[in-house]
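The values are calculated or read from the model by the stated rules, or taken from the named source; none is laboratory data. Remember, predicted model here, so these are calculated numbers, not experimental data. Reconstructed Cβ throughout: ideal geometry from the backbone, glycine too, with neighbour counts over all protein chains shown.
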Amino acid sequence: MSKILLAHAVSPIVNTSPPLGLSYIGAALEKHGCEVMIIDGSAPYAEYDIESMVDEIARYEPDLIGLTLTVSFALHTYRLIYGLKKRLDVPIIVGGPHATILPEEPLQHGADIVCRGEGEQCIVELVDYFNGDNPLTPFSKGEMALQNILGISYKDDLGNIVHNLPRPLLDNLDILDFPAKHLFNKAHYFRDESDSARFGNMVTSRGCPYGCTYCSNEVFGRRWRSRSPENVVAEIKRVMEMFGTRKFNLMDDAATIDQKRIMGICQLIIDNRLDIQWTCVTRLNATSPELLAKMKEAGCVNISYGIESGNPDTLKRIKKGLTVEQAEQAVKYTDEAGIECSVNFMYGFPWETPEDICQTTEFIKKISPYVTYIQPGGVLTPYPATQIYNEYREEYGFTDWWLKERTEDSIRSETDEPLFQRIFFDYDAIEQNWFNYPPEIIKEIMRAADVVGRHNLLYHAKKLTSNPILAAIVREVIYTLVKLSRAIYRINPQAARVFSKPFLNIAEKYHGK
């Protein structure tokens, strides 16, 4: 039996729930007979630094270490690798979105092998390889044996980087074991009953067939594949039994692409009389009044749509494949079905004028009666492997921006940020200013932030009281506090964080309600 340690690096950025990628890898390893431990250094109630995390991993004495890597955690993961290399002489395997997109980068930062794409089958074959019983080839520590494992990248004996052929995508997702969330330290996520929702994240499909220019989907690809309704509902029941969870979040890129399938999931929830609430993310053109009515009956309480822009030209240029008219119709249908509607907008595309951003702001005002919550933030981030990144990185000089060292004060975290940034806007992307925005663009983005913030304040106020008059008063009180935190931030960012802390603690109390 192999002892496998899976980990997510410690970072100021918070993982509000157990990472599903590690959960699936852990399940595959357990099924293969391995002893598995998972450490999430960025869990809400975990209190690690790099040194203490390395200490805990070393005490476990693993035979192999697997780390997940996303762009936001890249530097933190590389720091963890450096720390582990000083203490342990065991293989370090890195997978996840960022590793798939840029497999050479983690190898240059100390990783031994990179697993590209879906990792459940790959990690099992790597365990067999290091155990010496790889069924694909006689055991050898040389690179010839590794050449038979699809979807990995590594350095050969001469230090040359080798990229094996890609691993085909899984067609039948039902063969996967349910995510092994029991392998996470529950105390790092769970302090009261409302926290049980943190274990309710799940994916019912993989892949996205659309080609938005700001998005990359290298791990799961552009071919959409789904789990059966029976398999999905079986996992819901399992999580309910293990963690008491009654709130679920379908994290699919577009959960309702196959409307017949989601209808089937809804009917099984109804037939099994499951007392749950659930949310999902989907496309504006992937719903209908009939489907929304069935989703409402099955406990769906919120749908999140990515509208991105109220400017028709921008929607075409980002290849969204949608119109503002479709967006308006979808949010109206959702509201009429009695389902809360959340939407996302993006600002700061390099071609946008102040008038373009203003058009988006006016569209937000137009649909606001039908929308419960508008995601704050949304300033364009040039993620690697996206068309936006490839097209503009040389012009604006933001190549490899995720490797730039930053002070901890400049990193936003869920539990340590000024009140105005939590309520109104994540200002990080503006401060990074990857596209060198002129003052007039920043002014329009900030105006959009104010409109979004004012809209969302009523949502937050209703978390505190159901009385509409009192909610309106609370809204104005919060708005005053928000403006005060912004004024303090301009003088002293740390003082603004201290000022905001008690109010954010109150917000956390009502987080799950």
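Data for the structure
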| quantity | calculated |
| --- | --- |
| Selected residue [surrounded by 23 or more Cβ atoms within 10 Å (Cβ to Cβ) and of a type outside the set (A, V, I, L, M, F, W, C)] from D112, D40, D55 | D40 |
| Enumeration of residues in segment 349-374 that are surrounded by 16 or more Cβ atoms within 10 Å (Cβ to Cβ) and among the acidic types (D, E) | E352, D356 |
| Test: E51 is acidic (D, E) and free of Cβ contacts under 8 Å to residues at least 40 places away in the same chain | yes |
| Flag if E440 is under 30 Å from K404 (Cβ atoms), in contact with a helix residue (DSSP H, G or I) (Cβ under 6 Å, 6 or more places away or on another chain), surrounded by fewer than 19 Cβ atoms within 10 Å (Cβ to Cβ) and assigned by TED's automatic domain parsing to the domain that holds E417 | yes |
| Failed condition for Y129, given (1) surrounded by 22 or more Cβ atoms within 10 Å (Cβ to Cβ); (2) modelled with pLDDT under 95; (3) part of a loop (DSSP other than H, G, I, E, B) | (3) |
| Among (1) more than 14 Å from A28 (Cβ to Cβ); (2) at pLDDT 90 or above, the one test that L183 misses | (1) |
| When residues of segment 274-298 are limited to those that are under 20 Å from the mean Cα position of the chain (by Cα) and hydroxyl-bearing (S, T, Y), the one nearest to T245 (Cα to Cα) | T279 |
| Any chance V474 is modelled with pLDDT of 85 or more, of a type in the set (A, V, I, L, M), in contact with a Leu (Cβ under 7 Å, 6 or more places away or on another chain) and surrounded by 15 or more Cβ atoms within 10 Å (Cβ to Cβ) | yes |
| Qualifying positions in segment 451-460 - in contact (Cβ under 8 Å) with a residue 24 or more places away in the chain and either under 15 Å from Q359 (Cα atoms) or in contact with a Lys or Arg (Cβ under 7 Å, 6 or more places away or on another chain) (or both) | V451, V452, L457 |
| Test: T334 is at pLDDT below 95, over 20 Å from the mean Cα position of the chain (by Cα) and either surrounded by 17 or more Cβ atoms within 10 Å (Cβ to Cβ) or part of a helix (DSSP H, G or I) (or both) | no |
| Options S226, S205, S153: the member that is within 29 Å of V71 (Cβ to Cβ) and either in contact with a His (Cβ under 6 Å, 6 or more places away or on another chain) or in the same structural domain as N15 (by TED's automatic domain parsing) (or both) | S153 |
| Some residue of segment 344-355 being farther than 28 Å from A197 by Cβ and charged (D, E, K, R) | yes |
| One residue from E51, E118, E47 being in a helix (DSSP H, G or I) and charged (D, E, K, R) | E51 |
| Qualifying positions in segment 147-181 - of a type outside the set (D, E, K, R) and either touching a Ser or Thr at 6+ places or on another chain (Cβ under 8 Å) or in a strand (DSSP E or B) (or both) | N148, I152, S153, Y154, I161, V162, H163, N164, L173, P179, A180 |
| Enumeration of residues in segment 379-403 that are on the phi > 0 side of the Ramachandran plot and without any contact (Cβ under 8 Å) to a residue 40 or more places away in the chain | G397, D400 |
| Only listed residue being among the polar types (S, T, N, Q) and either assigned to a strand (DSSP E or B) or at pLDDT 95 or above (or both), chosen from S11, S23, S72 | S23 |
| Residue in segment 205-212 that is under 21 Å from H32 (Cα atoms) and touching a residue at least 24 places away in the same chain (Cβ under 8 Å) present | no |
| T361 vs. criteria under 18 Å from G211 (Cβ atoms) and in a helix (DSSP H, G or I) | no |
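Here is a yes/no grid of residues against (1) modelled with pLDDT of 95 or more; (2) over 20 Å from the mean Cα position of the chain (by Cα):
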| position | (1), (2) |
| --- | --- |
| Y214 | no, no |
| G221 | no, no |
| E230 | yes, yes |
| V233 | yes, yes |
| F248 | yes, no |
| K260 | yes, yes |
